[in-house]
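K.L.:
Below you will find the structure I want to go over with you.
The values are calculated or read from the model by the stated rules, or taken from the named source; none is laboratory data. Computed from a prediction, not measured in an experiment: that's the story for all the values here. Glycine gets a Cβ as well: all are built from the backbone with ideal geometry, and neighbour counts include every protein chain shown. Heads up: the accessible areas ignore ligands, DNA and RNA and are worked out on the full protein's heavy atoms, side chains in. Shrake-Rupley method; radii C 1.70, N 1.55, O 1.52, S 1.80 Å.
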Amino acid sequence: MLDFSKNYFELFGLPVGYIVDKTQLAERYRELQRVVHPDRFANAPEQERRISMQGTVRINEAYNTLKDPIERARYMLSLNGIEMDAQQETTRDSAFLMEQLELREELEAARDKPDPYAAIADLMTDINKRISSMVGQMAVQFETPTPEQLESAREILRKMQFLQKFRYDAESLEAELDEAL
Amino acid sequence: MALLQLSEPGQSKAPHQHRLAAGIDLGTTNSLVASVRSGRAETLPDGQGRHLLPSVVRYTREGPIVGYAARSAAVSDPLNTIVSVKRMLGHSIDEVKSLGSILPYRFTQQETAVPRMQTVVGERSPVEVSAEILKVLSKRAEETLGGPLEGVVITVPAYFDDAQRQATKDAARLAQIKVLRLLNEPTAAAVAYGLDSGSDGIHAIYDLGGGTFDISILRLNRGVFEVLSTGGDSTLGGDDLDRVLAQWIMQQAGLSDDIDHAMQRRLMRDACAAKEALTEADTTSLEVELETGELWHGELSRQQFNQMIEPLVRKTLVPCRRALRDAGLTAAEIEDVVLVGGSTRVPLVRELVSGFFKSHAMGEIDPDRVVAIGAALQADILAGNKPDDEMLLLDVNPLSLGIETMGGLVEKIIPRNTTIPVARAQEFTTFKDGQTAMAVHVLQGERELVSDCRSLARFELRGIPPMVAGAARIRVTFAVDADGLLSVEAKEESTGINASVEIKPSYGLTDEEIGTMLRDSMEYAQEDLAVRRLREQQVEAQRVIEALSAALADDGDQLLDLQERAGIDAALARLVEITRLDDEKAIKSEVKALEKHCEFYVERRMNSNVRKAMSGHSVDEFE
């Protein structure tokens, strides 16, 4: 088993921080997989194969967490002692919530547009822009986080979760349209 | 052993014997076997120089016949001749029946979900039929290569679900073949191309097989093949193009729907021939002998054919779009498209696919053979013949895995396109006082309702310590291994007690059924079971001894203090001693004891290797 006392950043030999060099992260990921992946142990005894499998599972989990801005924020909060319950917590920012309602209505309306795919794609572009700008705000909170900044990071994450859910629903709608083809 | 090879990648290894390994492409229409010989991967022909083995098995009282001879009997003996068995693999009898008119077999009505076909030699399941094909291919490899195989890599469609993968592995077990790995077909094709051209970048693999369609998007970077997403349709293939054409012929020739099996088979054969002819020619002529004895003549142009098949070909673009989306890419970012499968020779397929991806479609390697060649390259590495090779395949699970929750809904545990191996845990609790068992229903698919997903298995957790309702915290871990196969473990958190997990596969054979089939097979009866088990145990013990000795020689002095070293040396010596005795149980328990004793050392080595891989690397070094 890999050293579980190490956090994901340490595992990848990267500094703990919200801004991550994607190319470097991907390179480190491949370097680690070269050493740990079960295919490197195809001829090894059972025990080594098991340990290699556990190590790879952890590396995959770490990689998935660090490469995704939303998962990464959640993880950074937990490193700072804040465990967020994705199911329960929601933002109370009413202006943001109104906007979300409008976006949802637009998504529903996309279904009946002459080119529903293009309408969905436009909405997705919009959502991705919003996420990018939140990623920027998030990075500022994590520079040298005070308790207040961690609280605002938490609030940004609550909003990001909305956008993530929206993206998921938009993809589901696309899949639904695909199936009707 | 493997740890040693990895810790010192530059060093030369002690010369070892070349281990025989093969790659098998178990296809819907045709199958192939390939192997690496003098550094080159090539498909292996039969005694008559034919590389393809039609995936057809004919059961006769004199024994099974596989391949060309079986295929030519398909028309005259349709009930005993099983074609396209891959379409049935891992499916329930109801699903198989929904494939309807194309399957002329007589199925036995029975309780279990696995379909069984009545033949002259009794009932046969799709797993057994597939095992016959595997046996022929593995025998061909052993005869050509001149020795027993260390193991094989068998390819499966990327979009195969857990039941279909498990069925493939079961078939290998019945054929008594050691499976090094199940490899996804598009990934295998990428390996065959990637190692040839060495081109880093993002590639799409479009694989239209006889009965299945797969699309994979992957990134190749210095020998690492990272699958970014995969998609497909496990019930759409090149056969469907033939079927549309066969229906057209029926219409034109005035044939009714109730034609017999022999006629159906003949039409499908003619349709396939016409499809192939239209790859080169602009028109082709058709001839069908009617029941009245008259001959029907017809002409078919490529344009007409294109019109018929266009809806089907367009249907393959839907999973392509979804795969791109899942990878977070646009078509413009794809460097090229690799075409796999005989039906990608159809000009309309090439045209629509290269149009969709706006890129060059590559088909330089024979699309029928490319998958087997990739599998052979991977088998060669997994068998340990190229310890310094950089190649590594990182694949994904094609379909989301979830469990049934209240109200017939599915909660996703592992979403599709997650890199494997992967493990995710979920906590459950009891809802009754003193409850000691619990059922978990595992499903695969993307939809929200249980009824729209495919049931994989039902797990029964037993041995939960009795507590008040809601007090038990049962942590269930779902793991998908590198073959894409699911396993489940359960533990009660507060007491640390492991719950036993009993798996009831929804569409597979149980272990007992496979055991019975194995015992029933003639070859197995000739060999003493106990002798076989002893030998296997001795081989495993030898493996452990070699691996540990090599590891100790490598870094035992650095990583162990004197006392630890002495303890391990003593345990190792005990195993060496016991392995000489012909006592299966004693060897087994000594192997276990040694592994337990050395666990800390193996983990220390793994960590030390990880440190080595990470140290000394700076960002600029990667550029």
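K.L.:
From the phi angles alone, apply the Karplus equation (6.51, -1.76, 1.60; θ = phi - 60°) to segment B:375-382 and give each ³J(HN,Hα) in whole Hz, x where the residue is Gly or Pro.
P.N.:
5, 5, 5, 5, 4, 4, 6, 5
K.L.:
In segment A:22-170, carbon and sulfur make up what percent of the accessible area (probe 1.4 Å)? Show your work: numbers first, answer last.
P.N.:
Details: 3570 of 6970 Å².
Carbon and sulfur together cover 51 percent of it.
K.L.:
Can you give the convex hull volume per residue for the Cα atoms of segment B:238-368, as a whole number of Å³?
P.N.:
Working: hull volume 15.4 nm³, N = 131.
Spread over its residues, the Cα hull of segment B:238-368 gives 117 Å³ apiece.
K.L.:
Please work out, to two decimal places, the log10 of the ratio I(q)/I(0) at q = 0.06, 0.08 Å⁻¹ from a Debye calculation in which every Cα of the protein assembly as shown carries one identical scatterer.
P.N.:
The Cα Debye sum returns log10 ratios of -0.42, -0.76.
K.L.:
Then there is this: How many angstrom lie between the Cα centre of segment B:544-611 and the Cα centre of segment B:476-494?
P.N.:
Going from one Cα centre to the other spans 27 Å.
K.L.:
What is the interface area between chains B and A, defined as buried accessible area summed over both chains with a 1.4 Å probe, reported in Å² to the nearest 100?
P.N.:
On the way: alone 29620 and 11080 Å², together 35870 Å².
Roughly 4800 Å² of accessible surface disappears when B and A pair.
K.L.:
For the protein assembly as shown, give the magnitude of the charge dipole about the Cα centre (Cβ charges: +1 Lys/Arg, -1 Asp/Glu; no others), in debye to the nearest 20. Intermediate results must be reported in sequence, preceding the final value.
P.N.:
Details: 91 positive and 129 negative charges, 224 e Å.
My answer is approximately 1080 debye.
K.L.:
If you don't mind, there's one more thing I want to ask. Going highest first, how would you order B:346-359, A:130-143 by mean Cβ packing within 10 Å? Show your work: numbers first, answer last.
P.N.:
Values: B:346-359: 18.0, A:130-143: 15.6.
Per-residue mean Cβ counts within 10 Å order the peptides as B:346-359, A:130-143.
K.L.:
Can you tell me the 0 to 90 degree angle between the C-alpha axis of helix B:238-253 and the longest principal axis of chain B, rounded to 10?
P.N.:
20 degrees
K.L.:
May I pose another question? Do you know which residues of segment B:306-337 lose at least 40 square angstrom of accessible area in the protein assembly compared with their chain on its own, with a 1.4 angstrom probe?
P.N.:
Residues of segment B:306-337 that lose at least 40 Å² of accessible area once the other chains are added: B:V318, B:R321, B:R322, B:R325.
K.L.:
Could I get the Rg over Rh figure for segment B:23-64? Both from C-alpha atoms, Rh via Kirkwood, rounded to two places. Numbers along the way, then the final one.
P.N.:
Working: Rg = 12.7 Å, Rh = 11.7 Å.
Checking Rg against Rh, the ratio lands at 1.09.
K.L.:
If you don't mind, another one. Which aspartates and glutamates have a Cα less than 17 Å from the Cα of B:K275, not counting those fewer than 8 places away in the same chain?
P.N.:
Cα-Cα hits under 17 Å: B:D239, B:D240, B:D242, B:E287, B:E299, B:E310, B:E351, B:D368.
K.L.:
Kindly report the accessible area of chain B per residue (heavy atoms of protein chains, probe 1.4 Å, no ligands, DNA or RNA), in Å².
P.N.:
On the way: 27210 Å² over 623 residues.
Normalised by residue count, the accessible surface of chain B is 44 Å².
K.L.:
What 222 nm value per residue comes from the helices of chain B, counting each DSSP H run with n ≥ 4 as -39,500 (n - 2.57) and dividing by all residues, nearest 500 deg cm²/dmol? Don't skip to the answer; put the middle values down first.
P.N.:
On the way: 17 runs with 241 residues, N = 623.
Calculated at 222 nm, the ellipticity per residue is -12500 deg cm²/dmol.
K.L.:
Still on this structure, I have one more. Over segment A:126-173, average the accessible area per residue using a 1.4 Å probe and give it in Å², no decimals.
P.N.:
Here the per-residue accessible area is 49 Å².
K.L.:
While we're here: Once Lys and Arg get +1 and Asp and Glu get -1 on their Cβ, which of A:G136, A:F41, A:A110 lies farthest toward the positive end of the dipole of chain A?
P.N.:
Toward the positive end, the furthest listed residue is A:F41.
K.L.:
Still on this structure, I have one more. Amide H neighbours of B:A499 under 5 Å, at least 5 residues apart or on other chains, H built in the peptide plane: list them.
P.N.:
B:A490, B:K491, B:E492
K.L.:
Check cross-link reach from B:K97 to the aspartates and glutamates: straight Cα distance under 16 Å, and skip same-chain residues fewer than eight apart.
P.N.:
Counting by Cα, and skipping residues close in sequence, B:K97 has these aspartates and glutamates nearby: B:E111.
K.L.:
Tilt of helix B:584-614 relative to the longest C-alpha principal axis of chain B, in degrees (0 to 90, nearest 10)?
P.N.:
Helix B:584-614 sits roughly 90 degrees off the main axis of chain B.
K.L.:
Sticking with this structure for a sec: Quick one: which residues, 5+ away or cross-chain, put their amide H under 5 Å from the amide H of B:T430? H built at 1.01 Å from N.
P.N.:
Amide H neighbours of B:T430: B:G470, B:A471, B:A472.
K.L.:
Take the solvent-accessible surface of the protein heavy atoms, probe 1.4 Å, and return the percent of it on segment B:221-358 that carbon and sulfur atoms account for.
P.N.:
Values: 2900 of 6280 Å².
Carbon and sulfur: 46 percent of the exposed surface of segment B:221-358.
K.L.:
Okay, next question. Where the accessible area of segment B:78-192 is counted over protein heavy atoms with a 1.4 Å probe, how much of it, in %, is carbon and sulfur? If you can, show how the numbers build up before the last one.
P.N.:
Working: 1660 of 3580 Å².
Of the solvent-accessible surface of segment B:78-192, carbon and sulfur hold 46 percent.
K.L.:
Amide H to amide H under 5 Å from B:L44: which residues, 5+ apart in sequence or cross-chain, H placed 1.01 Å off N in plane?
P.N.:
Amide H neighbours of B:L44: B:V33, B:A34, B:S35.
K.L.:
How crowded by other chains is B:418-427, given as the mean number of beta carbons from other chains within 10 Å of each beta carbon?
P.N.:
Numbers: counts 3, 9, 4, 10, 5, 7, 2, 0, 0, 0.
Mean shielding count: 4.
K.L.:
I'd like the antiparallel share, as a percent to the nearest 5, of DSSP beta bridges with both residues in chain B. Each step should come with its number before you reach the end.
P.N.:
Working: 83 of 104 bridges.
Approximately 80 percent, going by the DSSP bridge assignments.
K.L.:
If you average the sequence gap of Cα pairs under 8 Å that are 6 or more apart and divide by the length of chain B, what percent do you get for the contact order? Could the numbers behind the result be given before it?
P.N.:
Details: 1163 pairs, mean separation 84.1, N = 623.
Relative CO of chain B lands at 13 percent.
K.L.:
Taking the Cα atoms only, what angle lies between the long axis of helix B:347-357 and the longest principal axis of chain B, rounded to 10 degrees?
P.N.:
The angle comes out at about 50 degrees.
K.L.:
To continue, here is another question. So for B:E287, B:E493, A:E48, what's the accessible-area order with a 1.4 Å probe, most first? List each step's numbers first, then the result.
P.N.:
On the way: B:E287 105, B:E493 70, A:E48 15 Å².
Largest to smallest exposure gives the sequence B:E287, B:E493, A:E48.
K.L.:
Divide, for chain A, the radius of gyration over alpha carbons by 2.2 N^0.38 Å, where N is the residue count.
P.N.:
Values: Rg = 19.9 Å, N = 181, 2.2 N^0.38 = 15.9 Å.
Ratio of Rg to 2.2 N^0.38 Å for chain A: 1.25.
K.L.:
Now, a different point. Stokes-Einstein D for chain B at 10 °C, 1.306 mPa s, Kirkwood Rh over Cα pairs, in µm²/s?
P.N.:
Numbers: Rh = 26.8 Å.
Translational diffusion coefficient: 59 µm²/s.
K.L.:
Please report, in cubic angstrom per residue, the volume enclosed by the convex hull of the alpha-carbon atoms of segment A:32-74.
P.N.:
Numbers: hull volume 2.2 nm³, N = 43.
Expressed per residue, the convex hull around the Cα atoms of segment A:32-74 is 51 Å³.
K.L.:
What Kirkwood hydrodynamic radius, in Å, does segment B:352-410 give when the mean of 1/r is taken over all pairs of distinct Cα atoms and then inverted?
P.N.:
On the way: mean 1/r = 0.0625 Å⁻¹.
Taking the inverse mean of 1/r over all distinct Cα pairs, segment B:352-410 comes out at 16.0 Å.
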